[in-house]
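All remarks here apply to the structure that follows.
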Amino acid sequence: MDFLGFMMLKSPTFEDTSGCFPGRNVETTFFSLNEALKRLRRRLGERRFEELMSLSDRMRAHFEADPEDQTEDTLEGRKLIHEMEDLLTGPDNDPR
């Protein structure tokens, strides 16, 4: 959940302006997200895992389509972050 919060704040490019995380970008961010989901795969269950991976792919496409945050694609990507949060925090969803 914390990582999704970071993604919401740093989208669409996820680049670090502080200099603390050089090289952070769309590629590294989605690699981290997808690897985290893979680690939780058994706890999430196959159906939820596949839905989350699909949301991740769709999010990335939206953010890559709007790197300047000039179109609706970034907004659509952020909506998908909320969908992912809802899928993770629903009534029977405790991936811990």
* Kindly check whether there is at least one residue in the stretch 57-67 that is modelled with pLDDT of 95 or more, aromatic (Phe, Trp, Tyr) and touching a Pro at 6+ places or on another chain (Cβ under 6 Å). => yes
* From the residues in the stretch 1-49 that are more than 14 Å from the chain's Cα centre (by Cα) and in a helix (DSSP H, G or I), which one is surrounded by the most Cβ atoms within 10 Å (Cβ to Cβ)? -> Leu44
* Asked: Considering Lys38, Lys10, which residue is more than 18 Å from Asp86 (Cβ to Cβ), free of Cβ contacts under 8 Å to residues at least 12 places away in the same chain and of a type in the set (Lys, Arg)?
  -> Lys38
* Asked: If Glu72 passes every condition in (1) free of Cβ contacts under 8 Å to residues at least 40 places away in the same chain; (2) surrounded by 14 or more Cβ atoms within 10 Å (Cβ to Cβ); (3) not small (Gly, Ala, Ser) but one, which one does it miss?
  -> (2)
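Quickly run through the stretch 79-91 and pick out the residues that are surrounded by fewer than 17 Cβ atoms within 10 Å (Cβ to Cβ) and in a helix (DSSP H, G or I). Can you show your working first?
Our first condition is that a residue be surrounded by fewer than 17 Cβ atoms within 10 Å (Cβ to Cβ); within the stretch 79-91, this holds for 79, 82-83, 85-87, 89-91.
Answer for the stretch 79-91, where residues must be surrounded by fewer than 17 Cβ atoms within 10 Å (Cβ to Cβ) and in a helix (DSSP H, G or I): Lys79, His82, Glu83, Glu85, Asp86, Leu87, Thr89.
The values are calculated or read from the model by the stated rules, or taken from the named source; none is laboratory data. What you are looking at is a predicted structure, and each value in this text was computed from that prediction instead of being measured. Glycine also receives a Cβ, built like all others from the backbone with ideal geometry; neighbour counts cover every protein chain displayed.
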